[in-house]
1. Restricting to the range 1-26, and then to whatever is among the polar types (S, T, N, Q) and assigned to a helix (DSSP H, G or I), can you tell me which residue is least open to solvent (accessible area, probe 1.4 Å)?
2. Can you report the number of residues in the range 75-90 which are surrounded by 13 or more Cβ atoms within 10 Å (Cβ to Cβ), more than 12 Å from LEU21 (Cβ to Cβ) and among the charged types (D, E, K, R)?
3. Going by the structure shown, is ASP103 of a type outside the set (Lys, Arg), over 13 Å from the mean Cα position of the chain (by Cα) and at pLDDT 90 or above?
4. Pull out all pairs, ordered by first then second residue, where Cβ-Cβ is under 7 Å, the residues are six or more apart or on different chains, the first lies in the range 54-78 and is over 16 Å from GLN12 (Cα atoms) and in a loop (DSSP other than H, G, I, E, B), and the second is of a type outside the set (Val, Ile, Thr) and open to solvent by 40 Å² or more (accessible area, probe 1.4 Å).
5. Report, by residue number, each residue of the range 79-112 that is assigned to a helix (DSSP H, G or I) and in contact (Cβ under 8 Å) with a residue 40 or more places away in the chain.
6. Could you list, in sequence order, all residues of the range 45-74 that are surrounded by fewer than 16 Cβ atoms within 10 Å (Cβ to Cβ), at pLDDT 90 or above and under 18 Å from ARG22 (Cβ atoms)?
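The values are calculated or read from the model by the stated rules, or taken from the named source; none is laboratory data. What you are looking at is a predicted structure, and each value in this text was computed from that prediction instead of being measured. Counting neighbours? That spans all protein chains shown, and the Cβs are built from the backbone with ideal geometry, glycine included. What goes into the accessible areas is simple: the full protein's heavy atoms, side chains included, and nothing from ligands, DNA or RNA. Shrake-Rupley method; radii C 1.70, N 1.55, O 1.52, S 1.80 Å.
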Amino acid sequence: MYSAAQGRISSQQLERIHEHLRERLSGKLGSHGGTAFKLRKLFKRYDMHKTGFAQIEEFRVTMEAFGIQLDNDSLLALFAKYDPECKGRIKYHDLMKKVLDADDFKKYIGGRGA
């Protein structure tokens, strides 16, 4: 599903995109728990089917909302990084667990356990 895009994006490029996403999300969370609430709300807004999962178009719209514009290959390669089983969807909770550090993830989930 993602192999063509992964072949056109180097692992270094993919890691830079991943790190940029981490920086954007950490910057949005900052030290304010209210921003974590806004982040959860943002995911819910773009969760078109209300499943808790992002499919590729929902993921694209969410990335754009974070200020991250990606070409199709970069988007698919990044999506593949978070969807290693190629299910075609990513659970938002699991995505945040992968891109946020432990303290920011606690803010995101509201201080509850993982």
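1. Per the criteria, the residue is SER26.
2. 2
3. Against the criterion (of a type outside the set (Lys, Arg), over 13 Å from the mean Cα position of the chain (by Cα) and at pLDDT 90 or above), ASP103 does not qualify.
4. GLN55/ARG89; PHE66/ARG24; GLY67/ARG24; ILE68/HIS20; ILE68/ARG24
5. PHE79, ALA80, LYS81, TYR92, HIS93, LEU95, MET96, VAL99, ASP104, LYS107, TYR108, listed by residue number.
6. Listed by number, the list holds a single entry, GLN69.
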